[in-house]
Amino acid sequence: MAPTPWGSGCFTESTDALATVLGWYAAPMRGVSPSISLGLAMGVAATTSCYTGADAGDGTGTDATTTAGTPTGPGSTVADDTLTTAADSSDGSTDRPDVGVPNQPPVAMFTATPDAGAATLATMLDASASGDPDGTILAYDWEFTDGGAAEGVMVSHDFTAVGCHDVTLTVTDDDGATASAASTLVVAQGAPEVPGTATVDVAPRPSAVLARDVVTDVGTATFHGTVASQGYTHVFAEVRVGEDVRSQTTVPLCGAAPVAFDLAVPIPSELTAFDVHLSLVRDDTRQEFFTVTDLVAGDLYVITGQSNSVAGQVSGDANENQGPFIRSFGSNTTDGNASAADVAWRIADGNGYGGNAIGQWGIRMAALLSAAHETPIGVVNGGLGGQPIGFFQRNDADPTDPATNYGRLLTRLRNGGVDQSLRAILWYQGENDGNASQVHRDGFLALKDDWTEDFAFERIYVTQLRAGCGGDLLGTQEVQRVLADEFAEITVMSTTGLDGHDGCHYTYENGYRELGNHYAGMLARDLYGEAPALDVAPPNPESAALAGGGTQIVITMRNAASALAYTQGAHVDFRVEGAAVAITGGSASGNQITLELAGDASAATGVSYLGHPGAGPWVVNENGVGLLAFANLPLQ
């Protein structure tokens, strides 16, 4: 492979062409060229080449260290290409003046042969591939972390100490500009013991959903362990789909056995499951010692609350959404010991209660997000039916107390390694609190503070209660509606407009299925950068005013672009506050609702919307999301 005279990087020249090509894809660790490790892992004679473009001496370049991959562009500034031509002189000459073209920096590049082995490691270092695009290199200076130094295009150096040794080459051109390149060589302790022994104490669990980085769209499988056998120079990781190798990563073993290693293996976020194989490497020896299977990288959510967060099967099958890339961790159970002992990732169930069930609307939401964004989804459901807000509180003296719902959920998330990487927490609770709105508010805010302390998440979604289950809920519904006004990280979803309602719970069709649809649309907007054509948020009133000489109330929604749909008869769910005036009808136009009154409501103080149990009539937006319930919205 010929040197490239721009940028920086390392490559391996080898008798094995495949090793040479694949070497570019191994991720660098502690300054080790990825191609070094791959050449060793493939069992070929490898020669490491390192190079960089650097400071041109006039401030136009940049220093660089060894990087993996395709060399980058020139590290220098392009001079102004405008040329001034002198006027003809008396002797007819047309000399051009010097426009001061800046010096181009040199390129530092070297090979190390061999780059790993047992002590004493006698290495030949060759910088003859270095060059200067507009001049010559006058000096080649070498520095070694064992305290040595040398000069010259080709030098030799003996590395006697076991461990990792950095080599730095600095070249200087005829204009005084310099460039540097560096690499790390590994010295092992004697011949490799066969078979080698290594243990892993930190690794992803099989079938885990690893949190993806939303910028790079890549997750990380993290490994830590100890190599007990002497003579090995690297730990080598291979990411496979079946027998197909997708990527490779290496890390040097910098010390005598037993020596610890840390390895971060990138896992792309796609609808593919990956296996990671770890091996010990030394010269032509490669020994596999650990494998973890069925890993994916994606997004993680928590759903919790009472029975409508559990959202088990009432009528209809939500497992039409089930699939290999919708997963859950552990078991949702009130048995603290059983909950802590279950550390398995499984395909999520949409219909059940407890266990690995994530709820009917939860699995629908996850399936839509996974398909639309081609990423796996992990959901942990910690809900339990029929419980007041106090049931979900943390034991501050022991946050992981297995006797508490909070402690069991926190332990599950920590065991799954996802407590610090949640996209959102989705909350549906309050029917048991009834209209004890202040109790509900205080309990929720305490819970939110505890979540913020114990978890890392981007947003909280609060599902507003539905009229019917729990008696008069309007005060608690209003508390939930205004949470988003008080806290920027909270968004509220409505449940009006869902016809499949038995007075407390929902059927799948026209109920939990549609709620899952609505949540998928909202999360796509908030967390996935979508700009939906239709409004995905529930209609939320901005203001209300008397009109028509006091015989009408006009309610204006916050979203000026929303187009409301009003079903005749929906007026019965509205109530005039402060005056005994009946509402006789209504209509909608654009983002406004107009209520017709039986008489003059000039003395009224406000208007409320309660919703109702069961099926329509409704006020919904163009996406079918129902109007939020609200209490005593002041009349202007």
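The values are calculated or read from the model by the stated rules, or taken from the named source; none is laboratory data. Just so it is clear, the model here is predicted, and its values are computed rather than measured. For neighbour counting, all protein chains shown are included, and Cβ atoms are generated from backbone atoms with ideal geometry for every residue, glycine included.
Among the residues of the range 124-180, those that are more than 30 Å from Arg282 (Cβ to Cβ), of a type outside the set (Ser, Thr, Tyr) and in a strand (DSSP E or B) comprise Gly131, Ile137, Leu138, Ala139, Asp141, Glu151, Val171, Asp173, Ala179. For the range 99-123, give me each residue that is under 42 Å from the mean Cα position of the chain (by Cα), of a type outside the set (S, T, N, Q) and outside any loop (DSSP other than H, G, I, E, B). Hits for the range 99-123 are Val107, Ala108, Met109, Phe110, Ala112, Ala116, Gly117, Ala118. Would it be correct to say that Glu542 is assigned to a helix (DSSP H, G or I), within 25 Å of Asn435 (Cα to Cα) and charged (D, E, K, R)? Answer is no for this residue.
Is it the case that Leu534 is under 41 Å from the mean Cα position of the chain (by Cα), over 19 Å from Leu610 (Cα atoms) and either of a type outside the set (Val, Ile, Thr) or crowded, with 16+ Cβ neighbours inside 10 Å (or both)? Criteria met by Leu534. Count of the range 153-169 residues, restricted to those that are over 10 Å from Glu143 (Cβ atoms) and either aromatic (Phe, Trp, Tyr) or touching a Phe, Trp or Tyr at 6+ places or on another chain (Cβ under 8 Å) (or both), is 5. Whether any residue in the range 413-422 is farther than 26 Å from Thr476 by Cβ, touching a helix residue (DSSP H, G or I) at 6+ places or on another chain (Cβ under 6 Å) and in the same structural domain as Thr334 (by TED's automatic domain parsing) is what I want to check. Yes: the range 413-422 contains one or more residues that are farther than 26 Å from Thr476 by Cβ, touching a helix residue (DSSP H, G or I) at 6+ places or on another chain (Cβ under 6 Å) and in the same structural domain as Thr334 (by TED's automatic domain parsing).
Ala191 fulfils the conditions (1) of a type in the set (A, V, I, L, M); (2) surrounded by 20 or more Cβ atoms within 10 Å (Cβ to Cβ); (3) assigned to a loop (DSSP other than H, G, I, E, B) except for a single criterion, (2).
Among the conditions (1) free of Cβ contacts under 8 Å to residues at least 60 places away in the same chain; (2) loosely packed, with under 15 Cβ neighbours inside 10 Å, Thr556 misses just one, which is (2). Would it be correct to say that Glu514 is surrounded by fewer than 17 Cβ atoms within 10 Å (Cβ to Cβ) and more than 24 Å from the chain's Cα centre (by Cα)? No.
This table checks each residue for (1) closer than 30 Å to Ala467 by Cα; (2) acidic (Asp, Glu); (3) at pLDDT below 95; (4) in the same structural domain as Asn510 (by TED's automatic domain parsing).
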| position | (1), (2), (3), (4) |
| --- | --- |
| Leu300 | no, no, no, no |
| Gln313 | yes, no, no, yes |
| Asn319 | yes, no, no, yes |
| Gly323 | no, no, no, yes |
| Arg327 | no, no, no, yes |
| Asn332 | yes, no, no, yes |
| Asp342 | no, yes, no, yes |
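Just the residues that are without any contact (Cβ under 8 Å) to a residue 60 or more places away in the chain and either under 40 Å from the mean Cα position of the chain (by Cα) or surrounded by fewer than 22 Cβ atoms within 10 Å (Cβ to Cβ) (or both), please, taken from the range 158-185.
Within the range 158-185, Asp158, Thr160, Ala161, His165, Val167, Thr168, Asp174 qualify.
Every residue, every condition in (1) at pLDDT 95 or above; (2) out of contact with any Asp or Glu (no Cβ under 9 Å at 6 or more places or on another chain); (3) buried (at least 21 other Cβ atoms within 10 Å of the Cβ), yes or no:
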site: Ser269; (1), (2), (3): yes, no, yes
site: Gln287; (1), (2), (3): yes, yes, no
site: Ser309; (1), (2), (3): yes, yes, yes
site: Asn356; (1), (2), (3): yes, no, yes
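Filtering the range 570-586 to residues that are part of a strand (DSSP E or B) and under 14 Å from Leu627 (Cα atoms) leaves only Phe574. What tally of residues in the range 108-157 results from selecting those that are among the hydroxyl-bearing types (Ser, Thr, Tyr) and buried (at least 20 other Cβ atoms within 10 Å of the Cβ)? Looking only at that region, the number is 4.
Number of residues in the range 198-225 that are closer than 25 Å to Val162 by Cβ and surrounded by 15 or more Cβ atoms within 10 Å (Cβ to Cβ): the value is 4. Cβ-Cβ distances below 6 Å connect the following pairs, each with a first residue in the range 194-216 that is within 18 Å of Pro258 (Cβ to Cβ), a second residue that is part of a strand (DSSP E or B) and hydroxyl-bearing (Ser, Thr, Tyr), and a separation of six or more residues or different chains: Thr199/Thr226. Is at least one residue of the range 597-607 surrounded by fewer than 20 Cβ atoms within 10 Å (Cβ to Cβ), touching a residue at least 40 places away in the same chain (Cβ under 8 Å), among the β-branched types (Val, Ile, Thr) and more than 23 Å from Gly521 (Cα to Cα)? No, there is no match, as no residue in the range 597-607 is surrounded by fewer than 20 Cβ atoms within 10 Å (Cβ to Cβ), touching a residue at least 40 places away in the same chain (Cβ under 8 Å), among the β-branched types (Val, Ile, Thr) and more than 23 Å from Gly521 (Cα to Cα). Based on what the data block shows, is Val343 of a type in the set (Val, Ile, Thr) and touching a Leu at 6+ places or on another chain (Cβ under 8 Å)? When the stated conditions are applied, Val343 does not pass them.
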